[in-house]
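Undergrad: The structure that follows is given in the form of structure tokens.
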Amino acid sequence: MQDQLIIFDTTLRDGEQAPGIALSPDDKVAIAKQLARLRVDVIEAGFAASSPGDFESVSRIAGEVAGPTIATLARTHPDDIDRAADALKAADKARIHVFISTSPIHMEQMIKMTPDEVLVAVKEGVARARTYVDDVEFSPQDATRSDPDFIIEVCRAAVAAGATTINIPDTVGYAMPDEFVELMRRVYDDVRGGNEDVIVSTHCHNDLGMAVANSLSAIHAGARQIEGAINGIGERAGNTSTEEIIMALSTRSDLFDVEIGADTTQILETSRLVSSLTGYPIQYNKAVVGKNAFAHESGIHQHGVLQNRETYEIMDPASVGHQSVLVLGKHSGRAAFADALERLGIPLEDEDFQRAFERFKELADRKGEITEQGLLAIVSEETGFNSEEMRLVALHFTGGSHDEPVATVTLDREGTEVVSTASGDGMVNAAFVALQDAYGIAATLLDYRVSPLSSGADAMAKVDVIVQVASATYSGRGVSTDVVEGSARAMIAALNKASFAHGIANGDNDG
Ligand code: KIV
Ligand code: ZN
């Protein structure tokens with residue numbers, strides 16, 4: 001039987017220590033609930049003694065989030081440990097994570113303690129934590145710049161005092177994989193020994209870009225817990241990315257003899273939530289969750305992916321909640337261009353196709369990426385077909401029977417007013433039904449996302465929709481201070497495209 005690898009997520013503690021991030025208790029509860037859906041094993045919910053806000057967050061998560069073990073960080077001070085225990089009272093499974101620095105520079109300059117004093121503090125701190133919970137983790141901070149013999153001595157003392165997890169932090173992201181494995185192997189052999197109740201763990205920072213590599217290498221040295229943060233956020237260059245660890249282990253299960261319990265399909269949702277609540281953007285080319293992680297632009301790659309996704313994709317994008325995207329740009333070839341038209345339900349053939357393709361190449365050379373809207377403009381230009389786009393004039397609601405809202409949309413089609421009324425299950429739904437009636441198009445909503453564009457009372461919201469009409473899909477975006485109006489605008493943008501494609505497919509451009 002394979003060992004279980006424990007995924008310990010510290011987005012809400014170390015991740016939140018990233019400069020400029022300040023999550024409210026509500027934000028933290030929302031992220032913790034999503035981490036529980038991702039099925040991480042341990043959520044480090046905060047550092048309870050560090051502020052009243054962190055104490056409240058840890059207590060609320062302990063009481064409101066079921067599934068994972070809930071942990072909080074604590075120094076070896078008795079007050080920290082008592083506060084940690086207090087915050088964790090409501091948790092079904094609680095862990096106190098005790099830490100103290102062990103490197104010469106930290107002991108001399110920061111905590112002003114001798115190695116002997118540190119040793120005593122570890123014994124007392126861990127033993128005190130054990131009076132409250134059975135699950136105690138101990139970390140020697142700055143382990144990779146500490147004397148390895150001292151690390152072993154301190155960690156042995158922690159185990160003797162009752163620690164059940166020994167976590168080795170590369171606090172300043174200094175270690176290289178080979179030396180980190182050597183240290184982890186020593187800890188595994190000399191601290192854990194034959195004691196199967198002790199788990200050896202890693203906690204790596206990314207200052208030299210080694211965090212994920214170091215954490216994974218440690219598995220070969222016996223580590224059975226990896227600590228990380230979603231999107232790799234954290235102090236300075238951040239922590240090990242939780243999502244990269246999960247996907248490395250599931251993609252290369254041939255190399256790692258461990259099992260994980262995570263639900264990979266929740267990865268993208270978790271990443272987006274953390275990004276929107278922390279305000280930390282995700283770099284386009286970020287592994288696993290970046291916008292371009294499954295995007296292909298060159299003609300050769302696009303051709304390959306259209307034949308068989310696995311030619312250039314080692315992970316199924318759907319397995320992380322993502323999707324493959326063929327970006328239409330100057331490197332794209334005919335196959336990708338035809339595929340994009342087909343996805344929009346536009347059956348261009350022969351000369352029309354050739355002309356549109358040439359125009360596309362010409363524009364892509366100058367503009368870089370060609371969007372769905374750009375593609376429709378090219379097709380319109382080259383086929384001479386112009387659909388009559390509609391635009392929103394007014395949107396009103398009244399209450400209908402059974403309290404269902406009734407939406408009345410007024411649209412303008414080239415100077416002619418089109419009015420449509422419909423009821424629905426909620427205001428957005430009522431507006432969507434009225435709009436579909438106005439266009440005479442039945443659309444299935446595949447995706448609906450609202451993201452804030454600014455904060456404050458008159459905050460702007462961006463709404464993105466993807467709808468399916470017959471076998472084609474269309475996206476639309478709307479921006480407004482009112483989410484319902486933004487939603488209607490997004491639906492109108494998508495339905496304008498659908499109506500255009502529908503016109504071409506029906507040969508309306510012949511005359
Ligand atoms: O990086 C670090 O050393 C830490 C410890 C507190 C575990 O975050
Ligand atoms: Zn850290």
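Undergrad: Quick one: in the stretch 16-37, which of the residues that are within 16 Å of ligand 2 (Cβ to nearest atom) and among the aliphatic types (A, V, I, L, M) is surrounded by the most Cβ atoms within 10 Å (Cβ to Cβ)? Before you say what the answer is, go through the steps one by one.
TA: Pass one, the stretch 16-37, residues within 16 Å of ligand 2 (Cβ to nearest atom): 16-19, 21.
If we keep only those that are among the aliphatic types (A, V, I, L, M) as well, we get 18, 21.
On the way: Ala18: 20, Ile21: 17.
So the residue we want is Ala18.
Undergrad: Another one. Among (1) under 28 Å from Ile219 (Cα atoms); (2) assigned to a helix (DSSP H, G or I), which single condition is Leu277 missing?
TA: (1)
Yes/no per residue for (1) away from ligand 2 (no atom under 16 Å from the Cβ); (2) crowded, with 22+ Cβ neighbours inside 10 Å; (3) in contact (Cβ under 8 Å) with a residue 40 or more places away in the chain:
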site: Gln109; (1), (2), (3): yes, no, no
site: Thr114; (1), (2), (3): yes, no, no
site: Pro140; (1), (2), (3): no, yes, yes
site: Ala163; (1), (2), (3): yes, yes, yes
site: Ser201; (1), (2), (3): no, yes, yes
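Undergrad: Select from the stretch 375-399 the residues that are assigned to a loop (DSSP other than H, G, I, E, B) and among the acidic types (Asp, Glu) and write down the one among them that is nearest to Thr410 (Cα to Cα).
TA: Kept after step one, since they are assigned to a loop (DSSP other than H, G, I, E, B), are these residues of the stretch 375-399: 384-389.
Those still in the list that are among the acidic types (Asp, Glu) too: 388-389.
Details: Glu388: 15, Glu389: 14 Å.
Only one residue fits best here, namely Glu389.
Residue-by-condition table, conditions (1) assigned by TED's automatic domain parsing to the domain that holds Ala494; (2) within 16 Å of Val484 (Cβ to Cβ); (3) hydroxyl-bearing (Ser, Thr, Tyr); (4) at pLDDT below 90:
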{"site": "Gly333", "(1), (2), (3), (4)": "no, no, no, no"}
{"site": "Arg343", "(1), (2), (3), (4)": "no, no, no, yes"}
{"site": "Gly399", "(1), (2), (3), (4)": "yes, yes, no, yes"}
{"site": "Asp403", "(1), (2), (3), (4)": "yes, no, no, yes"}
{"site": "Val409", "(1), (2), (3), (4)": "yes, yes, no, no"}
{"site": "Ser420", "(1), (2), (3), (4)": "yes, yes, yes, no"}
{"site": "Ala431", "(1), (2), (3), (4)": "yes, yes, no, no"}
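Undergrad: Just to be sure, is Ala438 out of contact with any Ser or Thr (no Cβ under 8 Å at 6 or more places or on another chain) and farther than 27 Å from Ala356 by Cβ? Break it down stepwise before answering.
TA: Values: out of contact with any Ser or Thr (no Cβ under 8 Å at 6 or more places or on another chain): no; farther than 27 Å from Ala356 by Cβ: yes.
Answer is no for this residue.
Undergrad: Which of the helices (runs of 4 or more DSSP H) contained wholly in the stretch 28-143 include at least 2 residues that are more than 31 Å from the chain's Cα centre (by Cα) and among the hydroxyl-bearing types (Ser, Thr, Tyr)?
TA: Details: elements: 52-64, 78-87, 115-132.
Helices (runs of 4 or more DSSP H) meeting the threshold: 115-132.
Undergrad: Ok, one more. Conditions first: (1) basic (Lys, Arg); (2) farther than 22 Å from Thr164 by Cα; (3) surrounded by fewer than 20 Cβ atoms within 10 Å (Cβ to Cβ). Lys89 passes all but one, so which condition is the exception?
TA: Only one criterion is unmet by Lys89, namely (2).
Undergrad: Determine, yes or no, whether Ala394 is buried (at least 19 other Cβ atoms within 10 Å of the Cβ), touching a strand residue (DSSP E or B) at 6+ places or on another chain (Cβ under 8 Å) and among the aliphatic types (A, V, I, L, M).
TA: no
Undergrad: Which residues, taken from the stretch 166-192, are out of contact with any strand residue (DSSP E or B) (no Cβ under 9 Å at 6 or more places or on another chain) and among the charged types (D, E, K, R)? Even if it seems obvious, please write down each step before you answer.
TA: Our first condition is that a residue be out of contact with any strand residue (DSSP E or B) (no Cβ under 9 Å at 6 or more places or on another chain); within the stretch 166-192, this holds for 176-179, 181-182, 185-186, 189-190.
Residues satisfying the conditions are Asp178, Glu179, Glu182, Arg185, Arg186, Asp189, Asp190.
Undergrad: Taking the residues in the stretch 235-272 that are in a loop (DSSP other than H, G, I, E, B) and within 16 Å of ligand 2 (Cβ to nearest atom) as candidates, determine which candidate is surrounded by the fewest Cβ atoms within 10 Å (Cβ to Cβ). Let's see the steps before the verdict.
TA: To start, the set of residues in the stretch 235-272 that are in a loop (DSSP other than H, G, I, E, B) comprises 235-238, 240, 252-257, 260-263.
Subset that is within 16 Å of ligand 2 (Cβ to nearest atom): 235-238, 240.
Numbers: Glu235: 19, Arg236: 13, Ala237: 15, Gly238: 22, Thr240: 28.
This residue is Arg236.
Undergrad: Now, a different point. Look through Gly15, Gly63, Gly53, Gly67 and report the one residue that is on the phi > 0 side of the Ramachandran plot and assigned by TED's automatic domain parsing to the domain that holds Pro169. Steps first, answer last, please.
TA: Working: Gly15 fails: on the phi > 0 side of the Ramachandran plot; Gly63 fails: on the phi > 0 side of the Ramachandran plot; Gly53 fails: on the phi > 0 side of the Ramachandran plot.
Being on the phi > 0 side of the Ramachandran plot and assigned by TED's automatic domain parsing to the domain that holds Pro169 holds for just one of Gly15, Gly63, Gly53, Gly67, which is Gly67.
Undergrad: Can you name the condition, by its number, that Val450 falls short on among (1) at negative phi; (2) modelled with pLDDT of 90 or more?
TA: Only one criterion in (1) at negative phi; (2) modelled with pLDDT of 90 or more is unmet by Val450, namely (2).
Each row is one residue, and each column tells you yes or no for (1) under 18 Å from Val274 (Cα atoms); (2) in contact (Cβ under 8 Å) with a residue 24 or more places away in the chain; (3) β-branched (Val, Ile, Thr).
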| residue | (1), (2), (3) |
| --- | --- |
| Gly15 | yes, yes, no |
| Gly20 | yes, yes, no |
| Leu23 | yes, yes, no |
| Asp27 | yes, yes, no |
| Leu35 | yes, yes, no |
| Val65 | yes, yes, yes |
| Ile81 | no, yes, yes |
| Ala84 | no, yes, no |
| Ala87 | no, yes, no |
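Undergrad: So, one more: Which ones in the stretch 455-497 are assigned to a strand (DSSP E or B), without any contact (Cβ under 8 Å) to a residue 40 or more places away in the chain and surrounded by 20 or more Cβ atoms within 10 Å (Cβ to Cβ)?
TA: Step one: list which residues in the stretch 455-497 are assigned to a strand (DSSP E or B), which gives 461-469, 472-480.
Narrowing further to those that are without any contact (Cβ under 8 Å) to a residue 40 or more places away in the chain: 461-468, 476-480.
Listed by number, the residues that qualify are Val463, Val465, Val467, Gly476, Gly478.
Undergrad: Restricted to the stretch 1-55, and to residues that are of a type in the set (Lys, Arg) and away from ligand 1 (no atom under 16 Å from the Cβ), which residue is farthest from Glu259 (Cα to Cα)?
TA: Restricting attention to the stretch 1-55, the residues satisfying the condition of being of a type in the set (Lys, Arg) are 13, 28, 33, 37, 39.
Retained after the next criterion (residues that are away from ligand 1 (no atom under 16 Å from the Cβ)): 28, 33, 37, 39.
Numbers: Lys28: 28, Lys33: 22, Arg37: 18, Arg39: 13 Å.
Only one residue tops the list, namely Lys28.
Undergrad: What are the pairs, 6+ residues apart or on separate chains, where a residue within the stretch 219-244 that is under 13 Å from Ile6 (Cα atoms) has its Cβ under 6 Å from a residue that is outside any strand (DSSP E or B) and within 14 Å of ligand 2 (Cβ to nearest atom)?
TA: Pairs found: Ile226/Ser215; Glu227/Thr10; Gly228/Thr240; Gly228/Thr242.
The values are calculated or read from the model by the stated rules, or taken from the named source; none is laboratory data. This is a predicted model, so every value here is computed, not measured. Because the Cβ atoms are built from the backbone with ideal geometry, glycine has one as well, and the counts that use them run over all protein chains shown.
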